[in-house]
1. Kirkwood hydrodynamic radius of the chain from all distinct Cα pairs, in Å?
2. Could you tell me the calculated FRET efficiency between Gln240 and Gln197, based on Cβ-Cβ distance and R0 = 35 angstrom, to the nearest 0.05?
3. I need the phi-derived Karplus couplings for region 241-252: 6.51 cos²θ - 1.76 cosθ + 1.60, θ = phi - 60°, integer Hz, Gly and Pro marked x.
4. Under a crude label model (7 Å from the Cα following the beta-carbon direction), how far is Val125 from Ala86 in nanometres?
5. Between region 213-247 and region 73-117, what's the alpha-carbon centroid distance in Å?
6. Note down the Stokes-Einstein diffusion coefficient of region 110-212 in µm²/s, whole number, using a Kirkwood radius over alpha carbon pairs, 20 °C, and 1.002 mPa s.
7. Step through the residues of region 155-165 one at a time and calculate ³J(HN,Hα) from phi using the Karplus curve (6.51 cos²θ - 1.76 cosθ + 1.60, θ = phi - 60°), rounding each to whole Hz and writing x for Gly and Pro.
8. What order, most packed first, do the peptides 7-19, 194-206 have when packing is the mean number of other Cβ atoms within 10 Å of each residue?
Amino acid sequence: MPVIVNGVELSDADLERELPLHADAGNPMRHAITALVLRRVLLDEALRLGVGSVGNEDADNNGANDSAIGDNEDAIITALLARQAAAPLADDAACRRFYHAHPQRFMVGALVEADHILFQVTPDVNLDMLRAHANVVLQDLLADPSSFAQVAREQSNCPSAAVGGSLGQLGRGDTVPEFERAVFALPSGGLLPQLLQTRHGLHIVRVTRRIEGRMLPYEHVAQQIAASLSAMSQDTAWRQYTKLLVDQADVQGIDLQGSEADRVVGGRAA
């Protein structure tokens with residue numbers, strides 16, 4: 001079934017060019033079509049308003065307008081969003097509130113010394129059985145933490161098993177986010193009382209030592225915070241504006257869901 005946007009059918013050539021840009025999406029074809037629909041809707045609105053290289057004096061010359069749009073679509077869409085969906089810059093008060101509400105983001109020098117036992121998840125493993133076994137091991141270690149190193153040597157699927165599960169010193173950004181959150185939340189000597197699941201498998205985790213970091217002064221991060229908050233505000237404004245245009249457009253052949261359109265607009269904003 002063809003996809004038609006405001007009376008214009010999306011071409012196979014456009015789809016062929018767009019599809020490789022969404023190869024990593026869960027449904028590349030649908031994601032590519034969604035992107036083309038949003039692009040068409042934005043360009044149509046730019047044409048209507050005479051934004052970008054398309055001047056108001058050309059409003060009645062549709063052929064010339066379409067040619068001009070085709071030459072620099074990205075610039076025209078950027079100009080449209082800047083004009084119609086501009087967001088205010090974050091002020092100092094908002095930046096200070098963010099700084100004090102998220103102190104962990106501005107800590108430097110924090111380190112933990114951590115050990116773990118990895119039960120690796122592979123395509124042929126029975127996850128329920130693996131989880132049950134790992135939980136038995138965890139309960140034994142909660143009862144007798146002194147055997148951690150020996151159990152790691154016997155059970156862990158990580159190369160760190162050779163050194164009793166020791167991962168050495170870890171700083172922020174050294175591990176996958178879910179593992180980092182867990183180890184930096186544990187106190188020194190703490191053994192996580194439940195299994196930790198990450199993209200690598202199931203972990204039993206303990207922290208043997210913590211080195212507390214220091215918080216960067218606000219003045220050192222104010223510009224970074226302002227840029228981040230302004231970007232988030234701009235992204236929200238773009239999403240809302242694009243959703244409004246899509247709701248007003250005549251789109252046939254695809255039922256756009258809000259979350260799909262958000263991902264495409266968000267990817268463009270990034």
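Readers should treat all values here as calculations from the given coordinates under stated rules, not as data from a laboratory. Keep in mind the model is a prediction, meaning the values are calculated, not measured. Every residue, glycine among them, receives a Cβ derived from its backbone with ideal geometry; neighbour counts consider all protein chains shown.
1. Values: mean 1/r = 0.0433 Å⁻¹.
It is 23.1 Å.
2. The pair Gln240/Gln197 has a calculated efficiency of 0.50.
3. Here the 3J(HN,Hα) series is 5, 5, 4, 4, 5, 5, 4, 8, 7, 9, 10, 10 Hz.
4. The answer from the label model is 5.4 nm.
5. When both Cα centres are located, 5 Å separates them.
6. Rounded, D is 158 µm²/s.
7. Result, rounded to whole Hz: 10, 6, 8, 9, x, 5, 4, 5, 10, x, x.
8. The densest-packed peptide leads the list: 194-206, 7-19.
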